[in-house]
Structure formats: C-alpha cells, structure tokens
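Chemist: After the structure tokens below, expect a handful of questions from me.
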Amino acid sequence: MSCLTTTLLATSLAGCGEPATLTLSDGERRELSDYRGRWLVVNYFAEWCAPCLREMPLLNELHELNALNEGKGPEVLAVSFDALSPAELARLKTDYRMTMPVAASLEGPWPFDAPQALPTTMVINPSGKLVDSHQGELKAEDLARWQAQYWPKNEGL
C-alpha cells in the first residue's frame with residue numbers, strides 16, 4: 001500500500017511518518033488518532049513545578065466531570081515534562097491524587113511543540129488540531145472560558 005493511500009485510509013494527523021503516539025505511566029501505548037472525535041486537554045506538568053501541582057485538582061475535576069457525564073466533555077491527559085520511570089510516575093500519580101491518565105512521553109507529530117515553560121495546557125479539537133493553549137497555572141475561569149467556547153453543549157461541565 002502506498003504512503004498516500006495509507007495516509008488517506010489511516011489518519012490525516014500523522015502524514016506518512018510515524019503516528020503521534022503516547023506512552024501512559026502503566027506502559028500502555030496510544031495514538032493521537034485514538035482521541036479522534038473527542039476534545040482533548042493536554043497538560044504538561046512537573047513535580048518541581050508548584051503551579052503545576054496547584055492546578056491538578058482542577059484538572060482532576062475536569063476529568064471526573066467528563067466521566068460522570070458519559071464522556072461528553074474533553075478527555076484530560078497529563079504529560080510529565082521530565083523523563084521519569086513508570087514507578088516514579090505511579091508514585092506521582094498517587095501522591096498528587098491524579099485521576100486522569102498520565103503520559104510518560106509523547107512521540108511523533110503532535111499538533112504542538114513541547115512547551116518551554118510550565119505548566120502549559122493545550123486544547124485539541126475533535127479533528128486533532130490545536131485550537132488553544134494556556135501557559136501558566138490554570139484557573140477555574142480558564143476552564144469555564146474553554147467550556148463556553150469549545151464544548152458548550154455539554155451541560156454540567
């Protein structure tokens with residue numbers, strides 16, 4: 001099968017190269033295309049970043065509301081800025097009560113570059129395109145603005 005045919009059949013997100021993938025803290029591998037049709041909030045954090053840790057309860061709440069509303073809100077994915085072992089990530093997830101999936105790494109052509117400052121949060125639309133980003137600590141009003149702008153039909157989020 002030619003690269004063009006493969007691209008047209010598989011996904012427009014990755015082109016002819018490797019797909020955009022992630023490795024979760026438990027070792028599970030996923031592709032960005034697994035989130036196609038869903039909003040995705042990607043948050044880069046580090047344990048040494050105090051604002052990152054302060055915003056975790058807000059991200060947990062967004063993740064839990066999505067689950068309570070039968071997946072009608074955005075998926076939330078926390079990404080470790082530092083290269084950590086699965087055991088270190090599991091400890092962080094427990095220590096900071098992170099309920100959302102935690103990725104050890106992102107590989108391939110994601111629709112954004114790795115951040116230069118932390119925390120940084122990106123909003124990816126259901127087509128896999130970056131539509132918004134926020135550098136600095138998230139506040140409830142940031143999530144409310146995104147809700148009104150990107151997923152307003154999901155009551156209760």
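The values are calculated or read from the model by the stated rules, or taken from the named source; none is laboratory data. Everything numeric here is computed off the predicted structure, so don't read it as measured data. With ideal geometry, Cβ positions are generated from the backbone for all residues, glycine too; neighbour counts draw on all protein chains shown. These area figures cover heavy atoms from the full protein model, side chains too; ligands, DNA and RNA do not enter into them. Shrake-Rupley method; radii C 1.70, N 1.55, O 1.52, S 1.80 Å.
Chemist: Against the conditions (1) over 25 Å from Trp151 (Cα atoms); (2) exposed (fewer than 14 other Cβ atoms within 10 Å of the Cβ); (3) in contact with a strand residue (DSSP E or B) (Cβ under 9 Å, 6 or more places away or on another chain), where does Phe81 fall short? Just the number, please.
Modeler: (2) is the only condition that Phe81 fails.
Chemist: Taking Pro111 and the conditions (1) open to solvent by 50 Å² or more (accessible area, probe 1.4 Å); (2) in a loop (DSSP other than H, G, I, E, B); (3) of a type outside the set (Phe, Trp, Tyr); (4) more than 20 Å from Glu64 (Cβ to Cβ), which numbered condition does it fall short on, given that it satisfies the others?
Modeler: So the condition that Pro111 fails would be (1).
Chemist: Collect the residues in the range 61-77 that are modelled with pLDDT of 95 or more and closer than 16 Å to Lys139 by Cα, keeping them in residue-number order.
Modeler: Val76
Chemist: For the range 127-154, which residues satisfy the criterion of being open to solvent by less than 40 Å² (accessible area, probe 1.4 Å) and part of a loop (DSSP other than H, G, I, E, B)?
Modeler: Hits for the range 127-154 are Gly128, Gly136, Leu138, Trp151, Asn154.
Chemist: Using the structure shown, decide if Ala104 is small (Gly, Ala, Ser) and surrounded by 19 or more Cβ atoms within 10 Å (Cβ to Cβ).
Modeler: yes
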